[in-house]
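A.B. asks: Below is the structure I would like to discuss, written out as structure tokens.
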Amino acid sequence: MIRYIKIIILFGFFFHSMWISGQIDTVEIKEIAVSGQRSPSIYSELNRVVTVIRKEQIRNAPVQSLQEILEYAVNVDVRQRGDFGVQADISIRGGSFEQTLILLNGIKINDPQTGHHNLNIPIDINSIERIEILQGPGSRVFGPNAFSGAINIITKPKESNNVNLVLTGGEHGYYKTNLSGSLRLGKADNFISIGRSGSNGYIENTDFGISNFFYHGSVTFAHANLDVQAGYQDKAFGANSFYTPKYPNQYEHTKTTLASIKLTTGNKIKISPLIYWRRHQDRFELFRDNPAVWYTGHNYHLTDIYGAEVNFIFNTNLGKTAVGLDFRSENILSNVLGESTGDTLDVPGEPAGFFTRRKSRENISLFLEQNIIVKKFSASAGILTNWNTDFDWNIYTGIDMSYKITRDAKIYASINQSLRIPTFTDLYYVGPTNVGNPHLKPEEAITYELGTKYQKQFFHGHLSFFRRNGKNMIDWVRLPDSLKWESKNITQIITRGFEIAGSLGVNRLFNKSFPIKYIKLSYSFLETEKQSGEYISVYILDYLKHKLNLEIEHSLYKNLGASWKITFQDRAGTYTDFTTGQEKSYEPFLLINSRLFWNKETYTIFVEASNLLNTQYFDLSNVGMPGRWIRFGGSVNLNLGK
């Protein structure tokens with residue numbers, strides 16, 4: 001415990017010294033509106049912890065995918081299978097990977113089949129304007145499944161015409177190409193991105209190929225804005241031991257299509273209706289080749305999500321009020337998941353595939369939120385009433401409060417309820433090593449949080465303590481003498497933790513010519529109390545007990561610079577070593593990634609390496625992660641004017 005206290009003291013001195021230095025700072029920065037509550041507010045007014053990763057931080061980072069940049073966010077656990085966005089599970093503050101809501105420009109894109117597909121998003125990392133990460137429950141803001149947090153990925157068409165080309169190559173046959181551009185036509189701003197990446201794999205059966213297409217358009221009228229987006233992704237990859245080490249020669253092919261239209265209009269009363277659709281198609285092969293004699297065929301799944309929302313935001317004597325209605329229809333066709341159709345249906349694009357099962361469910365949510373600011377005190381309170389065709393009515397409430405103790409510092413507290421509806425895999429999947437449970441109940445929790453936030457033009461940071469009391473928690477578990485993993489409602493899990501984080505814009509503190517651009521440092525600690533008997537867990541009980549992140553970007557000579565991303569992770573829980581059959585604890589590990597870059601106005605050249613120390617480690621049991629991986633590339637950006 002002493003070493004954790006020392007870390008907090010170290011951060012305390014870091015925060016305090018920056019506060020003292022800040023008394024003479026006069027630099028201004030532009031505030032942005034973020035989605036930490038039902039009615040978007042500027043970052044400094046939020047009563048919750050929302051981490052924002054901006055485009056300028058992504059540009060020079062030694063990463064190639066969204067999954068990799070999220071690896072360095074405070075209290076975010078990214079458990080990758082492979083690398084470069086092939087397949088990854090993401091969780092926040094010790095939740096499971098099913099408990100994080102993923103949004104693209106505010107549109108919910110979680111997959112009802114399984115959270116393993118939540119990050120199948122048809123965008124390139126170069127297309128991202130910023131990423132907003134809500135730490136903690138968001139059910140009363142975003143609806144079901146924002147159980148332990150939410151991640152909103154923002155893209156934005158540029159207001160000037162431009163073309164950008166990115167080319168990257170590296171070891172293990174890695175390549176990546178992306179061509180994007182913005183075009184203004186009258187009042188319409190248009191952004192298009194198309195890209196392809198792939199690799200031969202770092203070990204046998206880890207090859208992959210990913211194609212992305214994405215369009216985002218925005219039309220501005222006198223008192224209205226129309227926002228349109230559409231995308232398509234085709235991803236195929238060798239899945240060596242991804243889901244079970246017993247059959248390492250697995251293979252998966254997924255296709256994702258999405259589209260949405262959103263209108264924002266009104267003056268005194270802002271009205272925002274939207275509609276969206278997402279389709280995900282998956283072919284999973286337990287045997288990529290040379291199948292066992294008992295193997296009857298591949299698993300085929302197709303999910304369709306249809307959704308509609310309308311939000312009203314207006315001011316009253318009490319402050320800002322937000323009311324919203326959300327409808328979502330989730331549908332699956334499969335030969336494994338759901339209820340028998342009594343017939344067979346052809347699988348689109350798969351001559352050998354047939355659907356024999358299906359399931360549909362609808363979800364309606366009604367939101368009400370009230371925001372008030374009285375001098376130094378502010379609060380945001382809300383209620384969500386939710387109805388699901390399979391799980392009836394539920395009501396969830398929450399309140400976030402803060403008090404400014406100085407112009408730049410505040411203390412805050414929150415109490416929020418949350419829920420998570422089981423996926424179709426939780427309910428119905430039956431395989432060689434897994435058994436689903438159609439009688440599962442939704443997960444529920446109440447989370448308490450207390451903390452302090454500090455924001456200056458060149459520095460912002462927070463310290464928070466939280467406790468989540470969860471009941472009916474869903475996990476894949478087994479008894480020590482069993483080989484079958486079963487989905488069950490674990491009776492109760494109490495998660496406690498704290499996190500401390502700070503981001504210092506060094507060249508804002510001194511001057512733009514100072515060699516260090518920024519330093520970001522964060523540490524998080526988690527522990528759980530569980531009532532799960534003798535069960536061994538795959539996900540919920542395997543959490544990051546300690547996570548320490550350090551990020552630095554600095555210049556070396558003229559336009560030559562470097563960035564460093566360092567993370568130390570120590571995971572609780574155990575896994576069964578498939579080679580020995582013995583139960584093992586996860587070993588802590590240190591990862592260092594770095595990029596060396598030469599930036600000019602119209603082009604960039606870089607060389608980067610991930611896992612510089614060539615560390616051998618596991619994010620998930622028996623799935624060995626890549627060692628040192630060197631890549632190089634560049635980009636050309638042509639500004640064609642307005």
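The values are calculated or read from the model by the stated rules, or taken from the named source; none is laboratory data. All values reported here derive from a predicted model rather than from experimental measurement. Note that we place each Cβ from the backbone using ideal geometry, even for glycine, and neighbour counts take in every protein chain shown.
A.B. asks: Scanning the stretch 381-412 for residues that are basic (Lys, Arg) and either part of a strand (DSSP E or B) or in contact with an Asp or Glu (Cβ under 9 Å, 6 or more places away or on another chain) (or both), which turns out surrounded by the fewest Cβ atoms within 10 Å (Cβ to Cβ)?
C.D. replies: Among them, the one singled out is LYS404.
A.B. asks: While we're looking at this one, here's another question. Counting only residues that are in a strand (DSSP E or B), under 33 Å from the mean Cα position of the chain (by Cα) and among the β-branched types (Val, Ile, Thr), how many does the stretch 334-358 have?
C.D. replies: Count: 2.
A.B. asks: Which residue out of ASN267, ASN212 is outside any loop (DSSP other than H, G, I, E, B) and either farther than 30 Å from ILE313 by Cα or of a type in the set (S, T, N, Q) (or both)?
C.D. replies: ASN212
A.B. asks: Something else about it: So which of THR254, THR244 is hydroxyl-bearing (Ser, Thr, Tyr), modelled with pLDDT under 95 and either over 25 Å from GLY169 (Cα atoms) or touching a helix residue (DSSP H, G or I) at 6+ places or on another chain (Cβ under 7 Å) (or both)?
C.D. replies: Every option except THR244 fails the conditions.
A.B. asks: Could you please give the count of residues in the stretch 568-618 that are farther than 24 Å from LEU521 by Cβ and part of a loop (DSSP other than H, G, I, E, B)?
C.D. replies: Count: 12.
A.B. asks: Let me ask something additional. Taking only the stretch 101-156 into account, find how many residues are assigned to a strand (DSSP E or B), under 24 Å from LEU427 (Cβ atoms) and of a type in the set (D, E, K, R).
C.D. replies: 1
A.B. asks: From the list GLY307, GLY238, which one is touching a residue at least 24 places away in the same chain (Cβ under 8 Å), buried (at least 17 other Cβ atoms within 10 Å of the Cβ), of a type outside the set (A, V, I, L, M, F, W, C) and closer than 23 Å to GLY201 by Cβ?
C.D. replies: GLY238
A.B. asks: Next question. For the stretch 552-563, which positions are of a type outside the set (Lys, Arg) and either surrounded by fewer than 16 Cβ atoms within 10 Å (Cβ to Cβ) or touching a helix residue (DSSP H, G or I) at 6+ places or on another chain (Cβ under 6 Å) (or both)?
C.D. replies: Scanning the stretch 552-563 gives LEU556, TYR557, ASN559, LEU560.
A.B. asks: Turning to a different aspect of this structure: Name every residue in the stretch 164-213 that is of a type in the set (A, V, I, L, M, F, W, C) and without any contact (Cβ under 8 Å) to a residue 40 or more places away in the chain, in order of residue number.
C.D. replies: Answer for the stretch 164-213, where residues must be of a type in the set (A, V, I, L, M, F, W, C) and without any contact (Cβ under 8 Å) to a residue 40 or more places away in the chain: LEU179, LEU183, LEU185, ALA188, ILE192, ILE194.
A.B. asks: Could you give me the residue pairs with C-beta distances under 7 Å whose first residue belongs to the stretch 63-85 and is under 14 Å from ILE151 (Cβ atoms), whose second residue is of a type in the set (D, E, K, R) wherever it lies, and which are 6+ apart or on separate chains?
C.D. replies: TYR72/GLU551; TYR72/LYS565; VAL74/GLU499; ASN75/ARG93; ASN75/GLU499; ASN75/LYS547; VAL78/GLU71
A.B. asks: Report yes if TYR429 is more than 30 Å from MET401 (Cβ to Cβ) and out of contact with any helix residue (DSSP H, G or I) (no Cβ under 7 Å at 6 or more places or on another chain), otherwise no.
C.D. replies: yes
A.B. asks: Identify the residue in the stretch 564-591 that is farther than 15 Å from LYS547 by Cβ and of a type in the set (A, V, I, L, M, F, W, C) and, among all such residues, is surrounded by the most Cβ atoms within 10 Å (Cβ to Cβ).
C.D. replies: It comes out as TRP564.
A.B. asks: If you don't mind, there's one more thing I want to ask. Being within 25 Å of ALA188 (Cα to Cα), among the charged types (D, E, K, R) and surrounded by 15 or more Cβ atoms within 10 Å (Cβ to Cβ) narrows it down to one of LYS255, LYS270, so name that one.
C.D. replies: Among LYS255, LYS270, only LYS270 is within 25 Å of ALA188 (Cα to Cα), among the charged types (D, E, K, R) and surrounded by 15 or more Cβ atoms within 10 Å (Cβ to Cβ).
A.B. asks: Only one residue in LYS235, LYS246, LYS176 is of a type in the set (D, E, K, R), under 29 Å from LEU274 (Cα atoms) and either outside any strand (DSSP E or B) or in contact with a strand residue (DSSP E or B) (Cβ under 9 Å, 6 or more places away or on another chain) (or both), so which one is that?
C.D. replies: Of LYS235, LYS246, LYS176, the one residue that is of a type in the set (D, E, K, R), under 29 Å from LEU274 (Cα atoms) and either outside any strand (DSSP E or B) or in contact with a strand residue (DSSP E or B) (Cβ under 9 Å, 6 or more places away or on another chain) (or both) is LYS235.
A.B. asks: For the structure I just gave you, tell me whether GLU330 is of a type outside the set (Val, Ile, Thr), modelled with pLDDT of 95 or more and part of a strand (DSSP E or B).
C.D. replies: When the stated conditions are applied, GLU330 passes them.
A.B. asks: Taking the criterion of being in contact with a Gly (Cβ under 6 Å, 6 or more places away or on another chain) and within 25 Å of ASP124 (Cα to Cα), would at least one residue in the stretch 614-624 satisfy it?
C.D. replies: No, the conditions are met nowhere in the stretch 614-624.
A.B. asks: Another question, then. Which condition breaks for LYS512 when tested against (1) farther than 30 Å from LEU591 by Cβ; (2) assigned to a strand (DSSP E or B); (3) of a type in the set (D, E, K, R)?
C.D. replies: Among (1) farther than 30 Å from LEU591 by Cβ; (2) assigned to a strand (DSSP E or B); (3) of a type in the set (D, E, K, R), LYS512 violates only (2).
A.B. asks: Which residue, of ASN200, ASN120, ASN178, ASN161, is buried (at least 17 other Cβ atoms within 10 Å of the Cβ) and more than 24 Å from the chain's Cα centre (by Cα)?
C.D. replies: ASN161
A.B. asks: Does any residue in the stretch 476-497 that is under 24 Å from GLN582 (Cα atoms) and surrounded by fewer than 18 Cβ atoms within 10 Å (Cβ to Cβ) come within less than 7 Å, Cβ to Cβ, of a residue that is at pLDDT 80 or above and among the β-branched types (Val, Ile, Thr) six or more places away or on a different chain, and which pairs are these?
C.D. replies: LYS484/VAL435; GLU486/VAL435; GLU486/VAL477
A.B. asks: Does THR447 satisfy the criteria of being hydroxyl-bearing (Ser, Thr, Tyr), under 18 Å from ILE540 (Cβ atoms), assigned to a strand (DSSP E or B) and in contact (Cβ under 8 Å) with a residue 12 or more places away in the chain?
C.D. replies: yes
A.B. asks: Another question, if that's okay. State the number of residues belonging to the stretch 144-156 that are buried (at least 24 other Cβ atoms within 10 Å of the Cβ) and over 14 Å from the mean Cα position of the chain (by Cα).
C.D. replies: 1
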